1. Of the conditions (1) free of Cβ contacts under 8 Å to residues at least 24 places away in the same chain; (2) within 31 Å of the chain's Cα centre (by Cα), B:Asp153 satisfies every one except a single condition; which number is it?
2. For the stretch A:226-280, what are the residues that are in contact with a helix residue (DSSP H, G or I) (Cβ under 6 Å, 6 or more places away or on another chain), in a strand (DSSP E or B) and within 14 Å of chain B (Cβ to nearest Cβ)?
3. Are any of the residues in the stretch A:139-149 surrounded by fewer than 17 Cβ atoms within 10 Å (Cβ to Cβ) and assigned to a helix (DSSP H, G or I)?
4. Limited to the stretch B:71-120, what total is found for residues that are within 14 Å of chain A (Cβ to nearest Cβ) and in contact with a Leu (Cβ under 6 Å, 6 or more places away or on another chain)?
5. For residues in the stretch B:53-63 being within 28 Å of the chain's Cα centre (by Cα) and either surrounded by 13 or more Cβ atoms within 10 Å (Cβ to Cβ) or in contact (Cβ under 8 Å) with a residue 60 or more places away in the chain (or both), which is farthest from the other protein chains (Cβ to nearest Cβ)?
6. Working only within the stretch B:74-92, note down all residues that are closer than 24 Å to B:Arg173 by Cβ and at pLDDT 90 or above.
7. So A:Ala153 passes all but one of these: (1) surrounded by 15 or more Cβ atoms within 10 Å (Cβ to Cβ); (2) closer than 29 Å to A:Tyr116 by Cβ. Which condition number does it fail?
Amino acid sequence: MMSERKSGLGNWFDERLGLDAIRQFIAHKTVPLHSATPWYYFGGITLFLFVLQVLTGVLLLLYYRPTPSEAYESVQFIVTRVQFGWLVRSIHSWSANLMILAAFIHMFSVVFLRSYRKSRELTWLSGVVLLGLALAFGFSGYLLPWNTVSYFATKVGTDMAASLPWIGEPLARFLRGGEDVGGATLTRFFGFHVAVLPGLATLFLLLHLGLVQRHGISSPPRVEEEHRRRGTAIPQMPFFPNFFLRELMAWYAALGVLGSLAAIFPWELCDKADPFASAPAGIRPECYQ
Amino acid sequence: MLATLQLRCLKKGFLETRKAHLTFNLGSSEGQARLRLTWRDLCRKNAVRCCDGCWEGGFTASVLSFVYPAIKFMNPPAIPEASTNEVSAGKVDGFKPNSGRIVKFGSRPALLIRVNESEWRAYSGICTHLNCTVQFQESTRQIWCACHNGYYDLNGKVVSGPPPRPLEEYAVRIRGEEIVITRQTG
């Protein structure tokens, strides 16, 4: 039936890409339907915010310069001179924070719904790695504007790493690219932020999503138990279009929240970092609020 | 394109739900009730169609409100460049006769040549072919562009190679010991 409707161009692509197999796969994919189903949206929301991070990050790369003498000025240029630069930077910063929030909600939903159980352990572990990578994205990206608070936050952060037993000192040296936070740290954090971490995140994301496809979506034990007792199957919702469209609405809502936050509370830039100035009184990340 | 695709999917899902709803209503009615339902359905259909349009428009507009800034962002802002008309190129003693050097003329390079004891020439240092920076060749006493082997004479005229136009000439004046290069107007 499907093949009858296909156009010549559709056929051409089908023969080369095997789209029918993908179509079949999507047609058979389902999502369990129960009272906790809404929690399933948060993985998708995290993914959506990650994609937005990539897109806005690429945009910022058009103007950003990763050297101590130019980094702050280039961000200043972005937010003051480039059209909608303030908005793009604000979306990048707010989306980063919302992504961490969505990732934590996703993680806690997996914990409380006990979706990490047997056969899905690697999905859980790859998710933990992705959360670690997301935090590393945040830590490395925080330094890039090269302002006072990001400079001192990186000094504090790398100093905390130095207090780890055995590996602390070499790790801090590796992170700073030397004895102290400076130009070498900025270059290195930029490299981590735009090359190393995106590469790793893509790999683990593919693994994570592949595993979700392989094992399907888990149902909470109490739902499984209830249906076993009643001798019924857990009701399922087709992934496409039913779940997909709902997920799309969730993304749309997330975009609305993100756009509002970015427009109403644009991210501040504060003062340029000065390695020979004392940390100012009241320095704390809230400076950005 | 993605937005249109999403819209189509959304609309399809919505229409299917609506169709199922109508079938259910009509199926359970009879006679006059059916007529009334049909009339009501007609009204609803129009309302839904109108609502559909608003919704589609709103959705597209809201998505575009994010795409538009992204496109504008990519367009580099015009930075007003202070136009340079006169620069000091150094001291007379710094140049031997039959020598030339690239000097800064605002944000662009200029080629200053000391032809002999008293004669000076200055040109834009940018080759008219494809924007490379030219140099003075002492052996041939010509201006040479290394990129595509273009030659200009000491008047800035093309001698050989691909350059399509002569180099822009600047005026050189000596103020005491100082060499001053000026853009020629008119």
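The values are calculated or read from the model by the stated rules, or taken from the named source; none is laboratory data. Quantities reported herein were computed from a predicted structural model and do not represent experimental measurements. Here the Cβ is made from the backbone with ideal geometry for all residues, glycine too, and neighbour counts use every protein chain on show.
1. (2)
2. Once the filter is applied, which keeps residues that are in contact with a helix residue (DSSP H, G or I) (Cβ under 6 Å, 6 or more places away or on another chain), in a strand (DSSP E or B) and within 14 Å of chain B (Cβ to nearest Cβ), the stretch A:226-280 yields only A:Met237.
3. Residues of the stretch A:139-149 that are surrounded by fewer than 17 Cβ atoms within 10 Å (Cβ to Cβ), as a first pass: none.
So far as the stretch A:139-149 goes, no, none of its residues is surrounded by fewer than 17 Cβ atoms within 10 Å (Cβ to Cβ) and assigned to a helix (DSSP H, G or I).
4. Going through the stretch B:71-120 one residue at a time, the tally reaches 1.
5. So the first thing to find is which residues in the stretch B:53-63 are within 28 Å of the chain's Cα centre (by Cα), and the list is B:60-63.
Next, from what is left, pick out any that are either surrounded by 13 or more Cβ atoms within 10 Å (Cβ to Cβ) or in contact (Cβ under 8 Å) with a residue 60 or more places away in the chain (or both): B:60, B:62-63.
Details: B:Thr60: 12, B:Ser62: 8, B:Val63: 8 Å.
Selected residue: B:Thr60.
6. Of everything in the stretch B:74-92, those that are closer than 24 Å to B:Arg173 by Cβ and at pLDDT 90 or above turn out to be B:Glu86, B:Val87, B:Ser88, B:Ala89, B:Gly90, B:Lys91, B:Val92.
7. (2)
So that you can scan it fast, the table gives a plain yes or no per residue for (1) surrounded by fewer than 21 Cβ atoms within 10 Å (Cβ to Cβ); (2) touching a strand residue (DSSP E or B) at 6+ places or on another chain (Cβ under 6 Å); (3) in contact (Cβ under 8 Å) with a residue 40 or more places away in the chain:
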| residue | (1), (2), (3) |
| --- | --- |
| A:Pro66 | yes, no, yes |
| A:Gln76 | yes, no, yes |
| A:Thr80 | yes, no, no |
| A:Ser90 | no, no, yes |
| A:Trp94 | no, no, yes |
| A:Met99 | no, no, yes |
| A:His106 | no, no, yes |
